[in-house]
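Taking it in order: structure first as structure tokens, then the write-up.
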Amino acid sequence: MRTISCTGWPEFKRDFFLELFGDGHFRRERYLFRGAGDADWRLATAFDRRFAAVPLPERLKLWDSLLAQWRAGCLEAGVAREVVDDDRALAALGQHHGLPTRLLDWSLSPYVAAFFAFRSHLLRGPDTIGSQVAVWALHLDNPVWRGGDGGVEVVTAPGGGNTRLQNQGGRFTLCRAATSSLEEYVERVAEGVALTRCLLPAACAAEALADLDAMGVTDHQLFPDLDGLADMATMRAALAARPGP
């Protein structure tokens, strides 16, 4: 795992791509990206955050129990058998319906990841989180992500009819390992670079979000419904309310 720093938004658009691609030209499917509104936040799933007080061995048993209960409920609700019998599809379905899972959301786009990082910072307020945001890159070519029993794998959930997933370029990592975060897993298992974290000043949130708005990366694009439209209006109002230069 490595960490790099950018002094501002223009540097991110230049230096992060140079760091990852050498010539600075973006190439799809080489990396997955995830944004964090606070650079100190760990790459931990909703399940591991929700049950952090439970010791890890018991937590893994609890995950098996939760997934079994979800599977049984889905069977009773008439969910398709091919989904119920596939742990990855079953967990992805639960993720979309509020079940705390060991899936972690990623995107094929670094700009989508940056949007979520700065959006989280702007809406939460500077007094609640740190002075830096982070954009993570997961190196898909590293064999540590090949999964298997007791590992971590990249999951592509069926996107048919799920416009949110499609518009976000959504992917997931599914953790079966006895670890509480992907950083811990990588530090323990990986050879070579498997994760890159780029730190950016949270103070450039307004500049970045205005630029991303111009690119079409907005709440309404990523969540194409009335909720997303309301969030986009709120975001634009929050940007307009910030003091000018």
Q: Name the most mobile residue of V112, V54, V155, meaning the one with the largest mean-square fluctuation, in a Gaussian network model of the chain with Cα contacts below 10 Å.
A: V54
Q) Mind checking which of S107, S120, S65 has the largest fluctuation in a GNM of the chain, springs on alpha carbons under 10 Å? A) S65
Q: Taking amide H positions as placed in the peptide plane 1.01 Å from N, state which residues far from I4 in sequence (5 or more) or on other chains have amide H under 5 Å from it.
A: R197, C198, L199
Q) Between the helical axis of 87-96 and the dominant principal axis of the chain, each derived from Cα atoms, what acute angle in degrees is found, rounded to the nearest 10? A) 50
Q) Pick from G192, G169, G151: which residue has the top mean-square fluctuation in a GNM of the chain where Cα pairs under 10 Å get a spring? A) G192
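Multiply the residue separation of D64 and D87 by 0.36 nm, subtract the distance between their alpha-carbon atoms, and state the gained length in nm to one decimal. Kindly include the intermediate steps, with their values, before the conclusion.
On the way: separation 23, 0.36 × 23 = 8.28 nm, distance 1.04 nm.
Additional length available on full extension: 7.2 nm.
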**Q.** With Cα atoms, 0 to 90° folded angle of helix 110-124 axis to the chain main axis
**A.** 80
Q) How many nm separate the modelled label positions at R124 and A203, each set 7 Å beyond the Cα in the direction of the Cβ? A) 2.0
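Starting from the alpha-carbon convex hull of the stretch 187-228, give the projected area averaged over all orientations, in nm².
Working: hull surface 21.5 nm².
Taking a quarter of the hull surface, the average projection is 5.4 nm².
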Q. In a Debye calculation with equal point scatterers on the alpha-carbon sites of the stretch 1-138 and no solvent, what is log10 I(q)/I(0) at q = 0.11, 0.20, 0.21 Å⁻¹?
A. -0.55, -1.16, -1.21
Q. Tilt of helix 205-215 relative to the longest C-alpha principal axis of the chain, in degrees (0 to 90, nearest 10)?
A. 80
Q | Nearest-0.05 FRET efficiency for R176 and R49, computed from C-beta distance (R0 25 Å) | A | 0.90
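Values in this text are rule-based calculations from the coordinates and carry no lab data. Note that the coordinates shown come from a computational prediction; the quantities given were computed from them, not determined experimentally. So basically every Cβ, Gly included, is an ideal-geometry build from the backbone, and we count neighbours across all protein chains shown.
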